[in-house]
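The values are calculated or read from the model by the stated rules, or taken from the named source; none is laboratory data. Computed from a predicted structure; not experimentally measured. Neighbour counts run over all protein chains shown; Cβ positions are idealised from the backbone, glycine included. The protein model used for the area step is the full one, side chains on, heavy atoms only, and it has no ligands, DNA or RNA in it. Shrake-Rupley method; radii C 1.70, N 1.55, O 1.52, S 1.80 Å.
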Amino acid sequence: MANAGVNETVAVAVAIDAPGVGHDHGAAGEVRRPSTRRLAPAGSGGRLMAELLGVFNGLTERMGEDVATSSSSRLLFRALKLALPALRDGGGDGGGGQSVSRALVVAASLADLQMDAEVISAGMVRGALDTGALAMADVEAQLGASAAGLVEESLKVKRAPSEVDVADEEAASALRKRCLSSYDIRAVILELAVKLDAMKHLDVLPKHQQRTTSLEVLKVFALLAHAVGAGELSLELEDLSFQRLYPQAYAHIDQWLSSQEDDCKRVIAASKEELLRALTADDELRCTVTGVDVMGRYKSRFSTMKKLVKDGRRPEDVNDILGMRVILDPRPGGGGGGDGDGGDRACLRTHEVIKAMWKDVPARTKDYITRPKGNGYRSLHVAVDMSEPGPEGKKRPLMEIQVRTREMDMAAVGGQASHALYKGGLTDPEEAKRLKAIMLAAAEVAAQHLRDEPAGDGGQTTAAASAATAGNVERAFQLLDKNGDGRISMEELTEIMEDLGAGGHDAEELMRLLDANSDGSLSSDEFALFQKRVELKTKLENKDDEYKEILKQKLQKVDDTGLIHVYRKNLSDKLVLV
């Protein structure tokens, strides 16, 4: 699909992105040093530090300030120190650079899915564990029992499909139900991110294993992603599986959709702007609403295949390849609420504006506002012809435009969430409640682990306690400044270089590079200057507009009513309360 590979691009870029480094503090954050053998140096101290800074900052920025506490930063930094050298060493596959980039893909995916530092840290080390570069004992010693437990449960989720015949729908449904209700939901989400990365690298496996993995993804993991609220991830898993299982059918549909995709996406983008301008300029509509949102989307390969093959439709009968949704915010009181006459009038007026702009297809109009569905669904579906006029004009699929109030949309999305749980195997409402309780309990446990510690332990500075609200440069400096004296000493720099797989020579080289006043240590200003150099290098090598678009797409990845959103909100609320 169109977004395939986006995470991979981002993750590789994160390795040299806006800098920021982490470091362990003592006391509650102290952990045992690794018992594994020292890895061979992988490059200059400057390059290793720049890599660590970029990865650390890229992930903490994705997490957001509401969950990027100082405790989260310390945990994430420990995970990077543990995973990066092991992955760079090759993990037994001889491809250290690829191993690092793939681990960053998984970590970035989890951060984009709004997971906490425990889950992201577990995602960083999963690849090293899978290849044998790390042992579970090292993970538990460095990251703690909770993060190690997530990794172990994610491995159980990984192995679960091999225990049943996933081609049997009843068995697959029971397995999805077990995964959702028996395992930590965060471990399920971790495995989903790992599985998405694995699906992008199936070529290294034998053909029969590619098909087996793809069938498991299609019958189990894609539906699990849908159930927890990661809709975009679910679509991507479906398309990647579809491509492997039915290559000829995929190629046919891909060719059909690709032949019109660029043009159709331009039409969607232009139509969104045009419709938004028309609606906001309409005097009658302005009297009844306080705001208007317009969103667009292009249909996925697998979803199109289902309509063409399973439903037996002809290509010209697939009417939602192009789609837009209009969401209206009715004025309170006299303007009418979502369930009142005012909201209904606003939807009908929007329909009139649409008909004035484009040629509608009355036979395709479905008015679920005046005649709601049996389950209470209310929305207005309008089909319009986006083809160019005249016999020589370009022919395009119909555009389906859904019109609804904010309240109608929330009710519809809530219904979709219930349907998602149904697709995931939870047909019993009590089981669905239990699943939500598990997610909330996971947030409670994570909040206890990741909450900032009170200031003032053993004469330590208060800088560490305030790191959560500091910028990336300050947060990184505070984590490196282990004794809290406001400077990074040669001993502290050597320790981090050794953790990264380098040695004292690299630390000396980096100190000479950064120590502007030659006093044998680094001040926060000298460290900030290095950050700026790395940031400048990144900006020169990458296009800012591309990253903005990528981040924009990824921020729309999670369904606001899905279980991931429930978890994130619960976790951040608990962290803020302390």
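Return the pairs, sorted by first residue and then second, in which the second residue is part of a loop (DSSP other than H, G, I, E, B) and of a type in the set (A, V, I, L, M, F, W, C), the first residue lies in segment 374-394 and is under 23 Å from Asp263 (Cα atoms), the beta carbons are less than 8 Å apart, and the residues are 6+ apart or on different chains.
Partner pairs satisfying both residue conditions: Ala383/Val361; Val384/Trp358; Val384/Val361; Asp385/Trp358; Asp385/Val361; Met386/Trp358.
List the helices (runs of 4 or more DSSP H) that sit entirely inside segment 131-217 and contain at least 1 residues that are modelled with pLDDT of 90 or more and among the β-branched types (Val, Ile, Thr).
136-143, 145-159, 185-199, 207-216
Please specify each residue of segment 218-228 satisfying the condition of being open to solvent by 10 Å² or more (accessible area, probe 1.4 Å) and modelled with pLDDT of 85 or more.
Of everything in segment 218-228, those that are open to solvent by 10 Å² or more (accessible area, probe 1.4 Å) and modelled with pLDDT of 85 or more turn out to be Leu218, Lys219, Leu223.
Scanning for something in contact with a helix residue (DSSP H, G or I) (Cβ under 6 Å, 6 or more places away or on another chain), within 30 Å of Ala446 (Cα to Cα) and open to solvent by 40 Å² or more (accessible area, probe 1.4 Å), does segment 158-177 turn up at least one residue?
For segment 158-177, residues in contact with a helix residue (DSSP H, G or I) (Cβ under 6 Å, 6 or more places away or on another chain), within 30 Å of Ala446 (Cα to Cα) and open to solvent by 40 Å² or more (accessible area, probe 1.4 Å): present.
Tell me whether segment 384-395 contains one or more residues that are closer than 23 Å to Gly231 by Cβ and at pLDDT below 85.
Checked against the condition, which is being closer than 23 Å to Gly231 by Cβ and at pLDDT below 85, segment 384-395 yields no hits at all.
Sort out which residues of segment 129-172 are polar (S, T, N, Q) and touching a Pro at 6+ places or on another chain (Cβ under 9 Å), and write them in order of number.
Hit for segment 129-172 is Gln142, nothing else.
Is it true that Gly338 is at pLDDT below 90, over 24 Å from Val267 (Cβ atoms) and buried (at least 18 other Cβ atoms within 10 Å of the Cβ)?
yes
Please identify the pairs in which a residue from segment 248-271 that is farther than 15 Å from Arg297 by Cα and open to solvent by 50 Å² or more (accessible area, probe 1.4 Å) has its Cβ atom under 9 Å from the Cβ atom of a residue that is in a helix (DSSP H, G or I) and modelled with pLDDT of 75 or more, counting only partners at least 6 apart or on another chain.
Partner pairs satisfying both residue conditions: Ala251/Gln243.
What are the residue pairs meeting all of these: first residue in segment 208-220, first residue without any contact (Cβ under 8 Å) to a residue 40 or more places away in the chain, second residue open to solvent by 50 Å² or more (accessible area, probe 1.4 Å) and of a type in the set (Gly, Ala, Ser), Cβ atoms under 9 Å, and 6 or more apart or on different chains?
Qualifying pairs under 9 Å: Thr212/Ser162.
Quick check on my filter: what residues within segment 494-509 are touching a Gly at 6+ places or on another chain (Cβ under 7 Å), part of a helix (DSSP H, G or I) and at pLDDT below 80?
Listed by number, the residues that qualify are Met497, Asp506, Ala507, Glu509.
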